Amino acid sequence: MPTSFSTDLPLRGRILIVDDMMENVLVLNNILKEQHEVLFALKGDKAIELAQTRAPDLILLDAVMPEMDGYTVCTKLKHDPLTADIPIIFITALTDVQDETRALDIGAVDFISKPVNPSIVQARVRTHLTLKRQTDLLRRLTLSDGLTGIGNRRCFDEQYQREWRRCQRNQRSLSLMLIDVDHFKLYNDHYGHQAGDEALQRFGDLLSQTIQRSSDLAARYGGEEFAVLLSETDTEHAMVVAAKIHQALAEIAIPHHTSPTAPMITASIGLASLVPDGGLAPDSLLERADQALYRAKHSGRNRTEIG
Ligand SMILES: [Mg+2]
């Protein structure tokens, strides 16, 4: 196990506090702020938006709120794949066994009663953060591509939804590259599948070295196709990243003597950028990148086309 999972080390998490009373938020913030990053929301709809866009590790949720109550918020979060895995602790003045049972039934992991006791809040938060870390570790394994070690298709799909919403909320540009290794079938036919796998691994390494911001993602999209997602990035800056990929490939120069394009492995890139808005289907960016990739492949390969 990595040392960061040791119980001796302070466990820092991102905690979302949801309570309609600012004074309650402040009490919890004072208890948690030394050790953790704290976000807060005074309303249910804001809480859901923050849960979707900021991916907190844990939510402390007030049961009784006007407009949307804690039970409704919890139910909505548990039905959204983006937020379903975030543990929720109910904070409630209610001491009715039925209310507590109801909270657990709809997916809460625990509850704490008001007025809150600082030691109990800290201890419960620590316990559930530890469990969350372990679950996240397992999830990371299910989200990584077995061959290249970068994100797999499922990882890409989840990140894509998250970044789409984040860029929509912030009205920033989201850029996507779909990348195809040129003449990969010819490579496999000539050099063998073992060498083909190694080439894909080297390409995966190259991508993860080129993509350095934590909000960006390089993933294996399937076969010899890869995807790079650049959050809050416009076409101009994405073009710089695409050029770096072509350049890095030229530098590592993996020989490919049966390629009609070049004596080494090259890649074709379809790039698209847009500012997501409510009227656009999330697939529209994927479609544009895919069309651009098609053009890159049909106009000589080893190039980037913009969709
Ligand atoms: Mg309340």
Over the range 169-204, the set of residues within 14 Å of Val228 (Cβ to Cβ) and out of contact with any Cys (no Cβ under 6 Å at 6 or more places or on another chain) is Ser175, Leu176, Met177, Leu178, Ile179, Asp180, Val181, Phe203, Gly204
For the range 109-125 the number of residues that are modelled with pLDDT of 95 or more and open to solvent by less than 30 Å² (accessible area, probe 1.4 Å) is 2
When restricted to Glu67, Glu34, Glu23, the only residue touching a helix residue (DSSP H, G or I) at 6+ places or on another chain (Cβ under 9 Å) and surrounded by fewer than 21 Cβ atoms within 10 Å (Cβ to Cβ) is Glu67
Of (1) over 25 Å from Glu100 (Cα atoms); (2) buried (at least 17 other Cβ atoms within 10 Å of the Cβ), His128 satisfies every one except (1)
Note: among Leu249, Leu271, just one is farther than 20 Å from Gly149 by Cβ and open to solvent by less than 50 Å² (accessible area, probe 1.4 Å), namely Leu271
Expected output for the range 83-104 (first residue within 15 Å of the ligand (Cβ to nearest atom) and among the polar types (S, T, N, Q), partner open to solvent by 30 Å² or more (accessible area, probe 1.4 Å) and part of a loop (DSSP other than H, G, I, E, B), Cβ below 9 Å, 6+ apart or cross-chain) is Thr92/Val64; Thr92/Lys114
Screening Leu200, Leu176 for residues that are over 18 Å from Gly146 (Cβ atoms), open to solvent by less than 70 Å² (accessible area, probe 1.4 Å) and at pLDDT 95 or above leaves only Leu176
Tell me yes or no: at least one residue of the range 13-21 is closer than 30 Å to Cys155 by Cβ, within 13 Å of the ligand (Cβ to nearest atom) and of a type in the set (Val, Ile, Thr).
yes
With the first residue restricted to the range 1-22 and required to be modelled with pLDDT under 55, and the second required to be more than 16 Å from the ligand (Cβ to nearest atom) and of a type in the set (Ser, Thr, Tyr), Cβ contacts under 9 Å at 6 or more apart or on different chains are Phe5/Thr130; Thr7/Thr130; Leu9/Thr3
If we keep only residues of the range 70-82 that are farther than 16 Å from Lys114 by Cα and within 16 Å of the ligand (Cβ to nearest atom), then the residue most open to solvent (accessible area, probe 1.4 Å) is Thr72
Would a scan of the range 28-38 turn up a residue that is within 11 Å of the ligand (Cβ to nearest atom), in a helix (DSSP H, G or I) and either at pLDDT 95 or above or touching a Phe, Trp or Tyr at 6+ places or on another chain (Cβ under 6 Å) (or both)? no
Exactly one of Ala51, Ala63 is within 14 Å of the ligand (Cβ to nearest atom), in contact (Cβ under 8 Å) with a residue 12 or more places away in the chain and not aromatic (Phe, Trp, Tyr), and that residue is Ala63
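The values are calculated or read from the model by the stated rules, or taken from the named source; none is laboratory data. Not measured: the values here are computed from a predicted model. Cβ: placed from backbone, ideal geometry, glycine included. Neighbour counts: every protein chain shown. Areas reflect the complete protein model, heavy atoms only, side chains present, ligands, DNA and RNA absent. Shrake-Rupley method; radii C 1.70, N 1.55, O 1.52, S 1.80 Å.
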